[in-house]
Each structure stands twice: as structure tokens, then as C-alpha cells.
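First comes the structure, then the notes that go with it.
The values are calculated or read from the model by the stated rules, or taken from the named source; none is laboratory data. Keep in mind that what you see is a predicted model, and the values were worked out from it rather than measured. All Cβ positions, glycine included, derive from the backbone under ideal geometry; neighbour counts span all protein chains shown.
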């Protein structure tokens, strides 16, 4: 017994160190799966009040830009409505089930926490499962890709940002239609990398890169960025640097896009794979 | 005694707030993220028992983690820095030893000593932190570059703070 006590006294440093480091690592491995651990959630609840206040102030300062953007989007939508509705024509019958032909459902939300300077960035938005947000919904800033929802609480959701080493997205070149996979390399929040485009394709600087509908998360044709630099990666594929349309440092309002037919599609695909 | 504890408590709170509210928002080409809060571990008086250093280190890291939403990363890195502190101090002890009552600052032991001391601890902390953050050895040299650049910026901040304290 005395030997044990002596031992403990002699090595008390190392023991305290190991215990605390153990706790830290336990937390690291458990909590890091998309930051969903309970502790983080509870404490986020507390810090969120502060964050929300800071965000409010920031939002106020950039109202002008936001207004401009909204006005732009408004006019684009108005144009579309104009094209679709033909008053007095009998081509269109009223339909009672309003979601009959609808595949995507849009919800707007505000960003209340965001980062661009880590290797794995996440975005918190102020809507959650009570507002109909579910995991695997897409996040855009109105026109361009921002991220994908990975977890929801009642009133908040956490989305994995495009600026995250774990984020993968099926993307294609608008000009030729060839698709590859888009990732972020962790270097610069303005640029991402498009891989798996074979080298016999003609790619030129400035080509638009957009989403495909393959993942059943993003609708087809959402903008991602512009081809900035084309390099041969040694194999038969290009390594294309894409300059992102979205400025992640000032994303404030996002559109959450849910695919109403996603489950149907995945279920069918599962039967044959 | 109480006075010293109060003083260090105040410094700790100010530094943590500085880290959370200002420095965590700095984005500088993706390579530079200064983590100045490590100075809390540097400045604890020489007489502090090492288990207290460890506990202070752990909770400082914990607070930064909670604010940054990065579970465990800062806690484990800061803890390792706190654990390494006595060894570093022993390695670079001045010729006539440490003065028991003194604080480990630039004012007490001079610029050269403090620079070596701070660089060692900051490098240990940043190396652990950045490797835990990426959690893979791919991109090894890029991580090293990030560690070096961030360490330089952190050191610059720490030296600034020390000069300010010395000047007063």
C-alpha cells in the first residue's frame, strides 16, 4: 500500500497528464463526428446567444449588399414567373395537390456561425427540424453551392461547408457535360479542386463548373465556380483548380434545398446495386 | 498569494477573450492562425506546482475548444505544452538557477532566454495542434509549413505582449 502511495506521489504529474490527455482524446474522437456530441451541443446553446448577437450586428452592417442581392434575385424570379404563367390560356389545368410536380423545396435561413480558416469548416444556421430541415439537404447562397446539412436540433442545423476536407461533390463542366468530383484542398477559401476529368476533354480557363443531380442532394445546374488553372496530375486525369463563386467569408443568408423525391430515388437505386 | 492568483486569472480571461473574439477570426492565406492564448501557460510563476499547470492548461484549452467548436484539439495540445514546460525549463535554466519568487517573463530573465523558452513551448503546442487538426500525415510538409508560419506569428504577438508588460 505504501509503495503504491509512494509511486502515485512520485509520478503524480504524469498521472494527471495522462488522465487529462485521455479525457481530451476521448472527447476529440467522440465529438469530432460532425461536432454533434452532446457536450458541444449544450455549450453551443450557451455561446449561441453571444454568437447570434455578434451576427446581428454584422448583418446590420451589410444590409446594403444583401438588399442588392435580394433585388437581383427578385427580378430573376419575376422574369421566370412571367414566362410560366400565361393568363387566359387553357393549357394549364389547376392541380389540387400543390406538390405533385414539385421536386425541390426551398427554405431560407440565416448563417449564425461560420468559419473559413480551419481544415474542417462547418456552418450553423438558424433553422432546424421544427422548420422542416433534415440532414442531407443542400445549402446554397441563392445561386451557388455552400454546403450540405449534416445534423439538426430543433431550431438549429449544422452544415458541412464546401471548405471542409471531408466534403465531396459531384460536379461537371457546363460546356462539355463531363463530370468529376470536387473537393477542397484546405489551402485557400477561394479555390477548390475538380478531379477525375479525363485528359482528352477540351477544358479552357473560365469554363463554368456546376452541380450534377447524381447525389440526389443538389439540384442540377447549381453554380460552383469557374475553371482557374488546369494541370495534368500525372495520371490520365486533369487536376483543375476552380475559383468558387461563393465568397464564404461573407455568406449570411442561405437557401436550404430539400429533395422531396430523394428517398424514392435512393430506394430504387438500392435495389439494383 | 491571492493577489498573484487574481492577476493571473485576469490575464487568463483577457487572453481567452482576445483569442475567441479577435484572433480566431483572423484568416491569412490559410497558413497563419495565431494561437496567442498559449502565453497563459508560459507566464505561470516558476513555483506553480506542475499539476496546477496541467489543470490550468487543460481548462484553457477546453474553453478555447468550446468557443471554437473543435472538441478536444486545443485541450490536448495545450495540455501537452503544459506537460513539457518543466522539462523545457530544466533544459534552459540560467546559470544561477531560477529565482523562486520570480515570474517567468522577459523582464526577469532577458530577451534571449524568453525567446528560446517561448519558441520551444509554442512549437510543441502548434505541432500537436495542427497535426491533431488535420489528423493525417498526408500533406505532411504543408502542415509543417502551417506550423512554422503560425508559430512565427504567435511568437510575434507574444513578444509584443511581453514588451508592453516590460515597458510598464
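Test residue B:72 against the stated conditions and say whether it is away from chain A (no Cβ under 13 Å) and at positive phi. Give the steps one after another, and end with the answer.
Working: away from chain A (no Cβ under 13 Å): no; at positive phi: yes.
Considered against the rule, which asks whether it is away from chain A (no Cβ under 13 Å) and at positive phi, residue B:72 comes out as no.
Looking at residue B:33 and the list (1) over 15 Å from the mean Cα position of the chain (by Cα); (2) closer than 21 Å to residue B:123 by Cα; (3) at pLDDT below 85, which single condition is not satisfied?
Going through the list (1) over 15 Å from the mean Cα position of the chain (by Cα); (2) closer than 21 Å to residue B:123 by Cα; (3) at pLDDT below 85, residue B:33 breaks only (1).
Residue-wise test of (1) at pLDDT below 90; (2) within 30 Å of residue A:27 (Cβ to Cβ).
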| site | (1), (2) |
| --- | --- |
| B:111 | yes, no |
| B:115 | no, no |
| B:131 | yes, yes |
| B:140 | yes, yes |
| B:156 | no, no |
| B:163 | yes, no |
| B:166 | yes, no |
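Give the residue that is modelled with the lowest pLDDT, with candidates limited to residues of region A:13-43 that are touching a strand residue (DSSP E or B) at 6+ places or on another chain (Cβ under 9 Å) and at the interface with another protein chain (Cβ under 7 Å from one of its Cβ atoms).
A:35
In this structure, does residue A:213 turn out to be modelled with pLDDT under 85 and under 19 Å from the mean Cα position of the chain (by Cα)? Before you say what the answer is, go through the steps one by one.
On the way: modelled with pLDDT under 85: yes; under 19 Å from the mean Cα position of the chain (by Cα): yes.
So residue A:213 passes the test.
If you check B:79, B:66, B:89, which single one turns out to be more than 10 Å from every other protein chain (Cβ to nearest Cβ), surrounded by 13 or more Cβ atoms within 10 Å (Cβ to Cβ) and out of contact with any strand residue (DSSP E or B) (no Cβ under 9 Å at 6 or more places or on another chain)?
Numbers: B:79 fails: more than 10 Å from every other protein chain (Cβ to nearest Cβ); B:66 fails: more than 10 Å from every other protein chain (Cβ to nearest Cβ).
On inspection, the qualifying residue turns out to be B:89.
Out of the residues in region A:125-147 that are surrounded by fewer than 24 Cβ atoms within 10 Å (Cβ to Cβ) and within 17 Å of residue A:246 (Cα to Cα), state the one that is nearest to the chain's Cα centre (by Cα).
This residue is A:140.
Is it the case that residue A:163 is within 14 Å of another protein chain (Cβ to nearest Cβ), closer than 30 Å to residue B:132 by Cβ, buried (at least 16 other Cβ atoms within 10 Å of the Cβ) and in contact with a strand residue (DSSP E or B) (Cβ under 8 Å, 6 or more places away or on another chain)?
Working: within 14 Å of another protein chain (Cβ to nearest Cβ): yes; closer than 30 Å to residue B:132 by Cβ: yes; buried (at least 16 other Cβ atoms within 10 Å of the Cβ): yes; in contact with a strand residue (DSSP E or B) (Cβ under 8 Å, 6 or more places away or on another chain): yes.
So residue A:163 passes the test.
With the requirement that a residue be farther than 26 Å from residue A:112 by Cβ and part of a strand (DSSP E or B), what does region A:131-181 give you? Step through it out loud before you land on a result.
Taking region A:131-181 and keeping what is farther than 26 Å from residue A:112 by Cβ, we get A:170-181.
Hits for region A:131-181 are A:170, A:171, A:172, A:173, A:179, A:180, A:181.
Filter region B:28-55 for residues that are under 12 Å from residue B:82 (Cα atoms) and more than 11 Å from chain A (Cβ to nearest Cβ) and give the result. Outline the logic, then answer.
Narrowing region B:28-55 to residues under 12 Å from residue B:82 (Cα atoms): B:38-44, B:48-55.
Once the filter is applied, which keeps residues that are under 12 Å from residue B:82 (Cα atoms) and more than 11 Å from chain A (Cβ to nearest Cβ), region B:28-55 yields B:38, B:39, B:40, B:41, B:42, B:43, B:44, B:48.
Surrounded by 18 or more Cβ atoms within 10 Å (Cβ to Cβ) and free of Cβ contacts under 8 Å to residues at least 60 places away in the same chain: is that true of residue B:122 in this structure? Spell out the reasoning first.
Details: surrounded by 18 or more Cβ atoms within 10 Å (Cβ to Cβ): yes; free of Cβ contacts under 8 Å to residues at least 60 places away in the same chain: no.
No; evaluated as a whole, the condition is false for this residue.
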